[in-house]
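K.L.:
A single structure is presented below for examination.
The values are calculated or read from the model by the stated rules, or taken from the named source; none is laboratory data. All of these numbers come straight from a predicted model, not from anything done at the bench. Quick reminder, even Gly has a Cβ in these numbers, built from the backbone with ideal geometry, and neighbours come from all protein chains shown. Only protein heavy atoms, including side chains, enter the accessible area calculation; ligands, DNA and RNA are left aside. Shrake-Rupley method; radii C 1.70, N 1.55, O 1.52, S 1.80 Å.
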Amino acid sequence: TRRVIRLWNQCIGQVPGWPSRPLAQLPRPHQGWTLPMSAFPQSLRDDIARWAAQVAGDDLSAEDAIDRPLDASTIRTRLHHIRMMASALVRKGHAIDNVTGLDYLVQVDNFKAAMDYIYRSRGAKPSEYLQGIAGSMQAIARHYVKLPEANIEQRAKTRKRVGPARKQRGMTAKGRAR
């Protein structure tokens with residue numbers, strides 16, 4: 001769209017009969033705060049690849065194979081959540097070289113710090129989206145990193161705090177308006 005506006009404005013005065021009213025240029029798109037996966041250590045990327053293969057059910061005979069593989073769209077969503085958590089830690093001051101694996105992301109203090117950053121970056125309002133991010137990381141902590149259940153409960157409390165007071169039933173108001 002920005003290119004079309006620029007070309008339109010260039011045509012003014014150069015193309016006979018072209019309207020003389022210039023169009024206002026749109027602001028540049030917001031630059032997100034998440035870092036590309038290529039910015040992180042190879043060890044994190046390798047760990048993520050192992051996790052993705054496990055949850056996709058690539059090797060059903062593997063000792064750590066899951067009962068029900070995740071859908072490809074769920075895996076994509078969780079990969080985005082992982083990138084958000086890793087980026088949030090870097091934005092909170094963690095050295096990028098320390099973000100070496102999924103176990104680092106789900107350590108209690110790191111989990112809370114990353115969730116705090118994401119929560120504040122989204123206007124400090126509880127939402128199901130934030131609850132979903134926390135849930136993704138809680139599942140990774142439980143099923144991939146295999147943290148003790150008592151440790152998982154600490155993440156569950158944070159997950160509850162970042163979510164809405166009551167679970168939405170049915171369509172949201174925004175969805176009904178569409």
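K.L.:
Let me spell it out: the conditions are (1) out of contact with any helix residue (DSSP H, G or I) (no Cβ under 8 Å at 6 or more places or on another chain); (2) farther than 30 Å from residue 164 by Cβ, and residue 40 meets all of them except one. Which number is the exception?
P.N.:
With (1) out of contact with any helix residue (DSSP H, G or I) (no Cβ under 8 Å at 6 or more places or on another chain); (2) farther than 30 Å from residue 164 by Cβ applied to residue 40, the lone miss is (1).
Each row is one residue, and each column tells you yes or no for (1) open to solvent by 50 Å² or more (accessible area, probe 1.4 Å); (2) within 18 Å of residue 145 (Cβ to Cβ); (3) of a type outside the set (Lys, Arg).
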residue	(1), (2), (3)
18	yes, no, yes
39	no, no, yes
56	no, yes, yes
104	no, yes, yes
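A quick yes/no check of all residues on (1) part of a helix (DSSP H, G or I); (2) open to solvent by 50 Å² or more (accessible area, probe 1.4 Å):
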site	(1), (2)
60	no, yes
80	yes, yes
84	yes, no
88	yes, no
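K.L.:
Then there's this: Could you please find all residues in region 46-58 being in contact (Cβ under 8 Å) with a residue 12 or more places away in the chain and in a helix (DSSP H, G or I)?
P.N.:
Residues satisfying the conditions are 47, 48, 51, 52, 54, 55, 56.
K.L.:
Out of the residues in region 111-145 meeting the condition of being open to solvent by 60 Å² or more (accessible area, probe 1.4 Å) and not in a helix (DSSP H, G or I), tell me which one is farthest from residue 51 (Cα to Cα).
P.N.:
Among residues in region 111-145 that are open to solvent by 60 Å² or more (accessible area, probe 1.4 Å) and not in a helix (DSSP H, G or I), the one farthest from residue 51 (Cα to Cα) is 125.
K.L.:
Hey, another quick one. If I go through region 92-102 residue by residue, how many of them are surrounded by fewer than 16 Cβ atoms within 10 Å (Cβ to Cβ) and touching a residue at least 12 places away in the same chain (Cβ under 8 Å)?
P.N.:
3
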